[in-house]
1. Please work out how much length the chain gains when fully extended from GLU235 to LEU100, using 0.36 nm per residue of separation minus the C-alpha to C-alpha distance, in nm with one decimal.
2. Using only C-alpha positions, report the orientation-averaged shadow area of the convex hull of the stretch 354-416, nm², one decimal.
3. Give, in nm to one decimal, the length gained when the segment between TRP198 and GLN121 is fully stretched (0.36 nm per residue of separation minus the Cα-Cα distance).
4. Of the lysine pairs in the chain, how many meet both conditions: Cα atoms under 20 Å apart, and a spacing of 8 or more in sequence or different chains?
5. Given R₀ = 30 Å, FRET efficiency for ASP352-VAL489 by Cβ-Cβ distance, to 0.05?
6. On the accessible surface of the chain, probed at 1.4 Å, how many percent belong to carbon and sulfur atoms?
7. Please report the Cα spread of the stretch 333-376 along all three principal axes, rounded to whole Å, starting with the longest.
8. Please report the accessible area of VAL430 (heavy atoms, 1.4 Å probe, ligands and nucleic acids excluded) in Å², nearest 10.
Amino acid sequence: MNLLKSTGIIGGMTLISRIFGFARDMMLSRILGASAVGDAWQLAFQLPNIFRRLFAEGAFSAAFVPLFNRKAAEDGDDGNEAAQRFANETLSVFLPILLLFSALMIAVMPWAIWLIDDFGQGGRTNDTSITLARITFPYLGLISIMTLFAAILNSISKFAAAAFAPVLLNLCMIAALLTAIFLDGGADTERAAMLLAWSVSIAGVVQMIWLWYWARKAGFRITIQRPRFTADVRELGVLILPAVFGAGIYQISRFIDLFFLGRLQEGSFVFLALADRLNQLPLGIIGIALGTAILPALSRFIAQKDSGGAQRVQSNAIELGLLLTVPAAVGLFCAAQPLVSAFYFGGKFGMDAVTNTASVVAMLVIGLPAYVLVKVLTPGFFARKDTKTPVYTAAASLVINIVLNLSLIPIMGVAGLALAGALAAWANCVMLYAILHKRGHFTVEPDLFVRIGRIMISATAMGGVIYGLAPFGQSYYNAGAFARIVSIVALVGTGALVYFALAWFTGAIDRSKITMLTRKQTSQ
């Protein structure tokens, strides 16, 4: 129940962020469209975020949280002196490294854009693209400091503040787009892109202050000191390096995606980014929330040598993840065209762009359950201080992704790139589970297999209903705002009703856990 509560807090805050993200991208698609400036903006926005995921989020949190929990356990009830000292030492060493790296990347940005842009032949190597990327890149250093505060708060099971931080980014970007509309109705796309770029760096400052406040309120006074490679920092570095290489393999995959996108038609960066927004809604709410919530719980059970507790946490996480992501994937696949039309069509974003984006959505969501399962399975290694094994599976997945890209992109274009990533994610998921199973760390028990089968049956029936009903609302998906909302709510709501009704009656939903939760809430 603690897992469900923690996942609910993180998922709820992430849902708020994704809603604002949708509002942002709906405005962005209409103002920038699937244009050269739109591609330049998406490239500038993705570069610091790729390095953020490499340095800040996955690798850092995976290594920092178990060590920070150990320090907190040493403190006991006497305060947080050891944990705070460890956080100060960590920040003081890693911040200068990140700042130097950011400065280096800003200096070499023209060559980075040239490399991605088909060696300058893709039409995106220009002053606008380079300037946008240079303005956004300082976000990396700011968000990395924020990640330290977020890791501290997550370690003490205070998830809400960190989960809310992305909302601040979206609010800053929405403010920039509203400013562009106020100035000239959004007609000057280059100025709108510049305002967006500045809003990203401003948002980094706002997010950093936000989490600094909540960490301070939780009793942690984090300060920057003279960098010293203490024994604790060296231990963290030993754990981080394999995790960085593991995350690095995934981010290399993202760079390879950018490399292929730079050789495709104008607007391909936009098609993939807007499609990924729909894919990231369930992934963020469910996958990231589950992965964040179970790492501290797994770390505690493993530290106590409670293998049964660790098995139970991961089983519950897989069951909850599939219960929600399988229908999300099926629903997004069957309703891709209506959803893209309702959310993005209008202004500079026409029907050709809608069709291209919808095809990418359909291919991306094939891998949605796999992405979530990877986020649930990976903490099983991190909690045991094994950051190397996910490196090997990620490397194998990268090779598979490259081979599939070379095979599918010539046939399917940008949709082929999305499908290659989805299939590679499934390969990674299978490898992670096989290794955990072989080591005796985790096994999917028969009851869970049966429940997964019932989930698949319920989701398939839901998909048939959505596929059959979608054509009846065709004239409403591109109409006024009210008609779009009503048609999408009717389509998605009917599908959700069918799924959850079938899931309840077939036993895909574990009624005993729902009853237990209801009784607990009632007793409170």
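1. 46.4 nm
2. Averaged projected area of the stretch 354-416's Cα convex hull equals 4.9 nm².
3. Result: 25.0 nm gained on full extension.
4. 17
5. Calculated value: 0.70.
6. Carbon and sulfur: 68 percent of the exposed surface of the chain.
7. The principal-axis extents, from largest down, are 40, 15, 13 Å.
8. 90 Å²
The values are calculated or read from the model by the stated rules, or taken from the named source; none is laboratory data. Bear in mind the structure is a predicted one, so any value in this text is a computation, not a measurement. All Cβ positions, glycine included, derive from the backbone under ideal geometry; neighbour counts span all protein chains shown. For the accessible areas, the whole protein counts, side chains as well, though only heavy atoms, and no ligand, DNA or RNA atoms are used. Shrake-Rupley method; radii C 1.70, N 1.55, O 1.52, S 1.80 Å.
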